[in-house]
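Here's the structure, in structure tokens; my notes come after.
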Amino acid sequence: MLSVKVTVSGSKLTAVTIGTLNDGGNYRSQSIDQYAIPILEQQALAAQSANIQGVSGASYTSAGFAQSLQGALKALGL
Amino acid sequence: MATVTTPRVHRLFHREEVMGTFVTFDGYFLSAVPHDAHGALEDAVGELHRIDRIFSTWKLESPVSRLRRGELGLGEAPDEVREVLDSCLTARRASGGWFDPWRLPGGVDPTGYVKGWAAQRALDRFQRPGMIGAVVNAAGDIATVGIPAPGQRFRLGVVDPADRRRLATVVEPPGAVATSGTYERGAHLVNPHTGSPQALVASATVTGPDLGLCDALATGLCVGGEDALPALDRLAGYEALLIPFHGAWKWSRGFPFAPDTAPVRAR
């Protein structure tokens with residue numbers, strides 16, 4: 001089970017923290033900075049930039065994406 | 001679906017989950033988005049789902065899955081399967097043998113071509129008279145037509161394989177761009193000559209008129225690295241950029257870097 005804490009400024013993502021429940025029931029937080037930007041933020045980067053209309057990179061699966069950030073954000077209505 | 005209005009250019013945007021990933025559509029108009037654009041979008045989206053039902057190796061009963069298990073003969077498969085496999089023969093030759101869907105574990109697997117091919121077909125259905133430009137972006141395989149605004153060209157970032165939060169560079173492709181790398185899905189690329197997993201560069205980006213072929217060539221280049229680059233010289237209109245795990249980038253002479261990001265040769 002994952003808990004996801006999201007910090008949003010306007011519609012811009014500024015921080016995300018994923019916590020996992022360990023056996024003792026205590027949260028261990030793990031910053032997901034090193035997971036890099038899933039496509040959500042790449043797209044946001046492109047959309048926010050006046051200069052690019054998209055980003056080309058190795059393809060990601062929607063399953064992998066949902067496991068990371070996007071699923072939680074969609075649930076939050078972002 | 002959302003219609004976004006910006007000064008002088010109106011945009012139709014849609015994101016669809018299909019083929020195990022996300023595909024986005026962007027249509028650019030100089031006046032309000034016409035009604036028939038939404039119908040064209042539906043057609044294009046429907047085409048992606050239709051292709052997915054035929055080709056998905058994740059769907060156990062798709063014609064391609066059954067073909068791979070030997071339950072279906074090629075002659076009994078939908079026409080598109082033969083069309084795609086023909087195109088894969090061409091792509092195999094064009095890639096110097098580094099893209100070879102017949103040498104993958106589990107049977108013939110044209111996935112490295114199909115996503116780009118599908119997105120290109122979707123763009124062909126999506127684009128309408130009245131659009132000044134359009135983009136279909138299938139998880140980083142991107143097909144474009146026209147321009148995003150008067151006096152501008154489409155500019156597409158390329159992900160830095162060492163840090164996915166950053167862009168390595170920006171390209172202005174004549175049509176399409178595809179990138180292959182292992183940094184998203186892990187070791188999924190196979191050397192057709194040895195049968196073993198291999199990726200000699202961190203990412204390979206190919207630009208050119210047809211996204212399916214760009215997709216296939218990028219896959220081959222990621223597996224074969226520099227050895228796979230000379231084959232591209234024989235192919236008019238296709239250019240490539242290789243970003244290695246360490247050391248200097250290599251690119252074909254005509255690779256369409258955006259003017260403001262063009263690196264000097266020593267990079």
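The values are calculated or read from the model by the stated rules, or taken from the named source; none is laboratory data. This is a predicted model, so every value here is computed, not measured. Here the Cβ positions follow ideal geometry from the backbone for every residue, glycine too, while neighbour counts run over all protein chains shown. Calculation scope for accessible area: heavy atoms of the full protein, side chains included, ligands and nucleic acids excluded. Shrake-Rupley method; radii C 1.70, N 1.55, O 1.52, S 1.80 Å.
When B:Arg68, B:Arg50 are screened for being touching a residue at least 12 places away in the same chain (Cβ under 8 Å) and either surrounded by fewer than 18 Cβ atoms within 10 Å (Cβ to Cβ) or away from chain A (no Cβ under 14 Å) (or both), only B:Arg68 passes.
One residue stands out among those in region B:132-147 that are open to solvent by 30 Å² or more (accessible area, probe 1.4 Å) and among the hydrophobic types (A, V, I, L, M, F, W, C): the one that is nearest to the other protein chains (Cβ to nearest Cβ), which is B:Ile147. Among the residues of region B:110-142, not one is free of Cβ contacts under 8 Å to residues at least 60 places away in the same chain, more than 16 Å from the chain's Cα centre (by Cα) and closer than 19 Å to B:Arg50 by Cβ.
Suppose the filter is more than 9 Å from chain A (Cβ to nearest Cβ) and closer than 24 Å to B:Gly224 by Cα; does B:Gly151 pass it?
Working: more than 9 Å from chain A (Cβ to nearest Cβ): yes; closer than 24 Å to B:Gly224 by Cα: no.
When the stated conditions are applied, B:Gly151 does not pass them.
Looking only at residues in region B:107-131 that are open to solvent by 40 Å² or more (accessible area, probe 1.4 Å) and either away from chain A (no Cβ under 12 Å) or of a type in the set (D, E, K, R) (or both), the one that is nearest to B:Ala218 (Cα to Cα) is B:Arg121. Just wondering, is there one or more residues in region B:166-177 that are more than 7 Å from chain A (Cβ to nearest Cβ), on the phi > 0 side of the Ramachandran plot, open to solvent by 10 Å² or more (accessible area, probe 1.4 Å) and not in a strand (DSSP E or B)? So far as region B:166-177 goes, yes, one or more of its residues are more than 7 Å from chain A (Cβ to nearest Cβ), on the phi > 0 side of the Ramachandran plot, open to solvent by 10 Å² or more (accessible area, probe 1.4 Å) and not in a strand (DSSP E or B).
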